[in-house]
Amino acid sequence: MASVALSEAEKVYIMHGVQEDLRVDGRGCEDYRCVEVETDVVSNTSGSARVKLGHTDILVGVKAEMGTPKLEKPNEGYLEFFVDCSANATPDFEGRGGDDLGTEIANTLYRIFSNKSSVDLKTLCISPREHCWVLYVDVLLLECDGNLFDAISIAVKAALFNTRIPRVRVLEDEEGSKDIELSDDPYDCIRLSVENVPCIVTLCKIGYRHVVDATLQEEACSLASLLVSVTSKGAVTCLRKVGKGSLDPESIFEMMETSKRVGKVLHASLQNILHKEESLGPKRQKVGFLG
């Protein structure tokens, strides 16, 4: 994880501000920074999204390819996650540092999407036990300014919302052999329902209080954080503690209640942005991830 060096005086200044519900950048303890979301930014993918949260910059691309269903789930497709932490984002990601963090983030995404209610994977099945769609979700971390998990979960949800999967038909001849036919119409495609896809809300314990969407400086003042996966209805699907410090049961309960409250607002805002952007259609001005 990226880190920043702070003096003891700076840490005390930040901690005292948090206790008064006034952070260094003027936000309250439950306020997010400005979030910028743009979809359909990479042309050679099935779906893509770019998210900027403060100076944290995430690019996600989804590629749909045909594969074979897993033995334990013969009538479902599946998702594969790969996270690349670019060394350009911060020197801490050079060498094994970026690889270890990428694996940690990918494992967290696998845990979140292992919940059956997150995505209806049966819609990805083409022919039970034989063919299915595999969604390869590639996450690229371009810049790091704290709160990586939240930004990545927002970007993954936006990219899945933008994903179009070609509609196929399975044709069977007289001999019983099956043939797969793709539709000629580029607009004849399958869309995934992302209504139940959760977002991560990370809460950092600083002193006696906790904050959401912590900056790198605030993360340096926190010894323990709680990652809470929350759906649009406020249901908690996954919990994970990170950091060397400990959390007492009362703090965990308070942080969970905060995550439910904040998560609902986050989901509502994200859905509103995605639907508004989609309604613009071809008229939408595309900035692109290099813009």
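The values are calculated or read from the model by the stated rules, or taken from the named source; none is laboratory data. Bear in mind the structure is a predicted one, so any value in this text is a computation, not a measurement. When we count neighbours, we look across all protein chains shown, and the Cβ atoms used for this are built from the backbone with ideal geometry, even at glycine. For accessibility, only protein heavy atoms count, side chains too; no ligands or nucleic acids. Shrake-Rupley method; radii C 1.70, N 1.55, O 1.52, S 1.80 Å.
Per residue, how many Å² of accessible area does the chain show with a 1.4 Å probe?
On a per-residue basis, 52 Å².
Please give the contour-minus-distance gain from Ile180 to Phe82: 0.36 nm per residue of separation, less the Cα-Cα distance, rounded to one decimal in nm.
32.5 nm
Kirkwood hydrodynamic radius, the stretch 136-245, all distinct C-alpha pairs: what's the number in Å?
Radius from the Kirkwood sum: 17.2 Å.
Just check the stretch 88-207 against the gyration tensor rule for me: Cα atoms, a ≥ b ≥ c as the square roots of the eigenvalues, rounded for a/c under 1.5, and otherwise prolate or oblate depending on whether a/b exceeds b/c.
On the way: a/c = 2.65, a/b = 2.31, b/c = 1.15.
Prolate.
Run the quick spin-label model on Ser7 and Ser193: label points 7 Å from Cα toward the beta carbon, then report their separation in nm to one decimal.
The answer from the label model is 5.7 nm.
Along the charge dipole of the stretch 8-280, which of Val236, Cys132, Gly54 sits closest to the positive end, that is, farthest toward it, with unit charges on the beta carbon of Lys, Arg, Asp and Glu (+1, +1, -1, -1)?
Val236
Please give the calculated 222 nm ellipticity per residue for the chain, where each DSSP H segment of at least 4 residues contributes -39500 (n - 2.57) and the sum is spread over every residue; nearest 500 deg cm²/dmol?
-9500 deg cm²/dmol
I need to check one value: relative contact order of the chain, counting alpha carbon pairs closer than 8 Å and at least 6 residues apart, in percent.
RCO, the chain: 20 percent.
What does the charge count around Asp21 come to, taking other residues whose C-beta lies under 10 Å from its C-beta (Lys +1, Arg +1, Asp -1, Glu -1)?
Overall, the nearby charge balance is 0.
For the chain, return all DSSP H helices satisfying: extent of Cα atoms along own axis at least 15 Å; mean Kyte-Doolittle hydropathy at least 0.0.
Values: long enough: 8-19 (17 Å, -0.22); 96-113 (26 Å, -0.32); 148-162 (21 Å, 1.46); 249-279 (44 Å, -0.51).
Span-like helices, by this rule, are 148-162.
Please give the Cα centre distance for the stretch 67-84 versus the stretch 112-161, rounded to the nearest Å.
Here the two parts' Cα centres lie 11 Å apart.
Too long at a 29 Å Cα-Cα cut-off: which of Lys241/Lys264; Lys63/Lys122; Lys70/Lys244; Lys73/Lys260?
Lys70/Lys244; Lys73/Lys260
Using the 2.2 N^0.38 Å rule of thumb for compact globular proteins, work out how the stretch 184-251 stacks up: its C-alpha Rg over that value, please.
Expressed relative to 2.2 N^0.38 Å, the Cα Rg reads 1.59.
Please report the relative contact order for the stretch 161-257, taking Cα pairs under 8 Å with a sequence separation of at least 6, and give it as a percent rounded to a whole number.
Answer for the stretch 161-257 is 20 percent.
So what are the three principal axis dimensions of the stretch 8-280 from its Cα atoms, in whole Å, longest to shortest?
Sorted from largest, the Cα extents of the stretch 8-280 read 79, 40, 36 Å.
Would you calculate the separation in nanometres between label points at Tyr208 and Arg27, each defined as 7 Å from the Cα along the Cα-to-beta-carbon direction?
It is 2.4 nm.
Under the rule of at least 5 residues apart or a separate chain, name every residue whose amide H is placed under 5 Å from the amide H of Cys144.
Asp57
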